[in-house]
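The values are calculated or read from the model by the stated rules, or taken from the named source; none is laboratory data. As the structure is a prediction and not an experimental result, all values here were calculated from the model. Virtual Cβ from ideal backbone geometry, glycine too; neighbours counted across all protein chains shown. Heads up: the accessible areas ignore ligands, DNA and RNA and are worked out on the full protein's heavy atoms, side chains in. Shrake-Rupley method; radii C 1.70, N 1.55, O 1.52, S 1.80 Å.
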Amino acid sequence: MTYHHLSSSPETCHWGFFDATLKPVLSIESGDEVTVDTISGGPEVLPTRKFHIPPELDDVHARCERPLRHI
């Protein structure tokens with residue numbers, strides 16, 4: 001068993017939907033363990049005090065598109 005940590009970055013995040021056509025960012029084997037960092041909400045709702053804000057969060061918000069998908 002291998003342990004994986006998938007961190008949030010512009011290369012690993014996409015905005016607002018899951019889609020099987022997106023290119024994988026991690027491949028694992030059966031039985032592997034994965035921790036996934038996630039981001040929720042836009043920069044306008046980030047707390048300003050008393051919380052740790054990961055430095056990569058600003059980069060994700062600045063570089064990731066926010067497309068609208070209609071199902």
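Within the range 16-40, the set of residues being of a type outside the set (A, V, I, L, M, F, W, C) and surrounded by 10 or more Cβ atoms within 10 Å (Cβ to Cβ) comprises 16, 32, 33, 37.
In the range 1-12, is there at least one residue being in contact with a Gly (Cβ under 6 Å, 6 or more places away or on another chain) and open to solvent by 100 Å² or more (accessible area, probe 1.4 Å)? Spell out the reasoning first.
Start the filter on the range 1-12 by keeping residues that are in contact with a Gly (Cβ under 6 Å, 6 or more places away or on another chain), which leaves 1.
Remaining after also requiring open to solvent by 100 Å² or more (accessible area, probe 1.4 Å): 1.
Scanning the range 1-12 turns up at least one residue that is in contact with a Gly (Cβ under 6 Å, 6 or more places away or on another chain) and open to solvent by 100 Å² or more (accessible area, probe 1.4 Å).
Report yes if some residue within the range 52-71 is open to solvent by 50 Å² or more (accessible area, probe 1.4 Å) and touching a Lys or Arg at 6+ places or on another chain (Cβ under 9 Å); otherwise report no. No, the range 52-71 contains no residue that is open to solvent by 50 Å² or more (accessible area, probe 1.4 Å) and touching a Lys or Arg at 6+ places or on another chain (Cβ under 9 Å).
For beta carbons closer than 6 Å, sequence separation of 6+ or different chains, a first residue in the range 1-13 that is over 15 Å from residue 34 (Cβ atoms) and a second that is at pLDDT below 95 and of a type in the set (A, V, I, L, M, F, W, C), the qualifying pairs are 10/60; 10/64; 13/60; 13/64. Quick check: is even one residue across the range 38-61 within 16 Å of residue 5 (Cβ to Cβ), polar (S, T, N, Q), touching a strand residue (DSSP E or B) at 6+ places or on another chain (Cβ under 9 Å) and at pLDDT 75 or above? No, because not a single residue in the range 38-61 is within 16 Å of residue 5 (Cβ to Cβ), polar (S, T, N, Q), touching a strand residue (DSSP E or B) at 6+ places or on another chain (Cβ under 9 Å) and at pLDDT 75 or above.
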